[in-house]
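Okay, structure first, notes after.
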Amino acid sequence: MEDEEHDCNCPPVGLPAYMGTFADMMALLMCFFVLLLSFAEMDVLKFKRLSGSLSAAFGVQREVVANEIPMGTSIIAQEFSPGRPEPTPINSIMQRTVDQKQTNLQVQCTPDQESPEISVTDEQNQSDLVNKLTEMIENTRSDAVDLANALAAQIKRGEVEIETVGREITVRIKEKGSFPSGSAELQPGYNQVLRDVRDVLAEKEGKILIQGHTDNVGIATSRFRSNWELSSARAVSVAHELLSDGVLSAQRFTVSGYSYTRPLVSNDSVENRALNRRVEIVISQSVDQETRKELEDLKEENPELYEDDIDAQLSPIFDISPDEIF
């Protein structure tokens, strides 16, 4: 009986042999999934702090774009660089680059030379300003020619003069043919002349200034107490005719009387006093605020260029003749 018990095929004591390999594989899988979980829930803020600490430790200040000049440390002194050194809490020297654009070309001149600094940009801006103003003045003169075409007959008879000064057009209506002596009533038939002027002004821009003028001979009648009233009344008569039929906006008008205070010529003869008795229609096509500021700066910075180019453009042109019209 004892021999039979020892010869039986009984299983060995303990776990099967493959369990050791299975346990190792399970442990590895568990570590693998733990690592996956840790990466999936990464602390971004903590990672940025860590990367920032690494950047400070390695002396990284900022990114340098490719179009900047590379700045390296000096071979002679390892603690200095071409940039401006600044102390840091960790006692290291870091460089700083500054973006700076220089428009002026610095030129070394001998003592007998002048203009040590040449500004290419300023010269270009001044040239552009002169060209811009020239174009604006040419447009004003073109408008003056249109008015001269409308008043060709009156210009031939010497009743009207047209003058341009810069961005202003002056239509000078003489007393001859327009007003009786000492009166503010327009001559019969002169209303059509002002209507022709009105039709041209309706197509042009700018403010319209109506200015009355007299000679220095005083007047005292039941209708006009002085030359002030006479000059103002004549200006108002012209303004009323231009405003007829609502073609022009009243917001564009300014009416004034100057009496004898602004004569064209000296009041020392009958002919000169006749020239001073007039009504002027001034069309003011002023420049914008930006261009006006540029002109003031040019006058201060380069007075010679201003006098040569700008003053020449602003000089008056008197008496547009019929030859210039047709």
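The values are calculated or read from the model by the stated rules, or taken from the named source; none is laboratory data. Note that this is a predicted model, so its numbers are computed, not measured. Here the Cβ positions follow ideal geometry from the backbone for every residue, glycine too, while neighbour counts run over all protein chains shown.
Out of (1) outside any helix (DSSP H, G or I); (2) at pLDDT below 75; (3) of a type in the set (D, E, K, R), the odd one out for D311 is which?
(1)
Quick grid of which residues meet (1) touching a Pro at 6+ places or on another chain (Cβ under 6 Å); (2) under 24 Å from D245 (Cα atoms):
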site: K156; (1), (2): yes, no
site: E159; (1), (2): no, no
site: T170; (1), (2): no, yes
site: G189; (1), (2): no, yes
site: V193; (1), (2): no, yes
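What number goes with the only condition from (1) within 18 Å of V171 (Cβ to Cβ); (2) modelled with pLDDT under 90; (3) surrounded by fewer than 17 Cβ atoms within 10 Å (Cβ to Cβ); (4) of a type in the set (S, T, Y) that T221 does not pass?
Condition (1) is where T221 drops out.
Take the residues in the range 219-235 that are over 44 Å from the mean Cα position of the chain (by Cα) and hydroxyl-bearing (S, T, Y); name whichever of them is farthest from T261 (Cα to Cα).
S222
Between a residue in the range 258-287 that is closer than 9 Å to T214 by Cα and in a loop (DSSP other than H, G, I, E, B) and any residue that is at pLDDT 90 or above and among the small types (G, A, S), which pairs come within a Cβ distance under 8 Å, given they are 6 or more apart or on different chains?
Listed by first residue and then by second, the contacts come to Y258/G212; Y258/S231; S259/S226; S259/S231.
What tally of residues in the range 220-253 results from selecting those that are out of contact with any strand residue (DSSP E or B) (no Cβ under 9 Å at 6 or more places or on another chain) and among the basic types (K, R)?
Number satisfying all stated conditions: 2.
Taking the range 216-256 only, how many residues are of a type in the set (K, R) and outside any helix (DSSP H, G or I)?
Initially, the range 216-256 is screened for residues of a type in the set (K, R), giving 223, 225, 234, 252.
Retained after the next criterion (residues that are outside any helix (DSSP H, G or I)): 223, 225.
Residues that pass the stated criteria total 2.
Look through the range 236-260, keep the residues that are hydroxyl-bearing (S, T, Y) and more than 37 Å from the chain's Cα centre (by Cα), and return whichever of them is surrounded by the most Cβ atoms within 10 Å (Cβ to Cβ). Before the answer, list the steps.
Within the range 236-260, the first condition is being hydroxyl-bearing (S, T, Y), and the residues that meet it are 237, 244, 249, 254, 256, 258-260.
With the extra rule that they be more than 37 Å from the chain's Cα centre (by Cα), the set shrinks to 237, 244, 259-260.
On the way: S237: 23, S244: 13, S259: 19, Y260: 19.
Among those that are hydroxyl-bearing (S, T, Y) and more than 37 Å from the chain's Cα centre (by Cα), it is S237.
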